[in-house]
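Where a number appears in this text, it was derived from the coordinates with a stated rule and is not lab data. In this text, all values refer to a predicted model and were calculated from it rather than measured experimentally. Note that we place each Cβ from the backbone using ideal geometry, even for glycine, and neighbour counts take in every protein chain shown.
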C-alpha cells in the first residue's frame, strides 16, 4: 500500500495482485494519530496489504527536513501498530506529477483538490513497484 502522508490528509493507493500497477483508492482525513492509524490498518487488512511504501518528502538536495522527520515518525508508528515493513520512497515532485496528470485528464480544480493526494500516493507506489526486479520467464 502506498501512502502520501500530509499534515491534513493521507493519500492511499494499492497495487494490483501481481504488483505491476498502483491504483489510487482513497484519502484519509487526519484527525489524531490513533484514529489515522486505525483507519489505515482497516484498509490494509481489507486489502491484504503486506507492506507500506511511504513517500518521503526530501529536500531538493536530498537532505531530510522537518516534513521528512514527521513522515518517518508517522511511518514508525504505523510499522509498530501493523507489524508490517515500512519502505520509504523518495517523493520529490510527485505532487507536481499528480497535478500535471490530472490537468492532462481535464479534471476540474475542485475534483483535483479531492483526489491529488491519492494520485500522488499511486505515483509513489508505482515508482517503488517499477524499481523492483522482475523475474524473467521464457
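See the values below:
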{"read-out": "Length added when fully stretched, residue 29-residue 114, from 0.36 nm per residue minus Cα-Cα", "value": "29.5 nm"}
{"read-out": "Least to most buried among 27, 53 (fewest other Cβ within 10 Å first)", "value": "27, 53"}
{"read-out": "Which of 84, 40, 18, 129 has the fewest Cβ neighbours within 10 Å, and the rest in rising order", "value": "18, 84, 129, 40"}
{"read-out": "Residue-averaged 222 nm ellipticity for the chain, from DSSP H runs of 4+ at -39500 (n - 2.57), nearest 500", "value": "-16000 deg cm²/dmol"}
{"read-out": "Matching label, Cα extents along the principal axes in Å computed from the structure shown, candidates [x] 46, 39, 34; [y] 54, 31, 30; [z] 54, 29, 19", "value": "[x]"}
{"read-out": "Descending principal axes extents, segment 55-105, alpha-carbon based, whole Å", "value": "39, 26, 13"}
{"read-out": "Relative contact order for segment 2-131, counting Cα pairs under 8 Å that sit 6 or more residues apart, in percent", "value": "38 percent"}
{"read-out": "Choice from 76, 16, 61 with maximal GNM fluctuation in the chain (Cα, 10 Å cutoff)", "value": "61"}
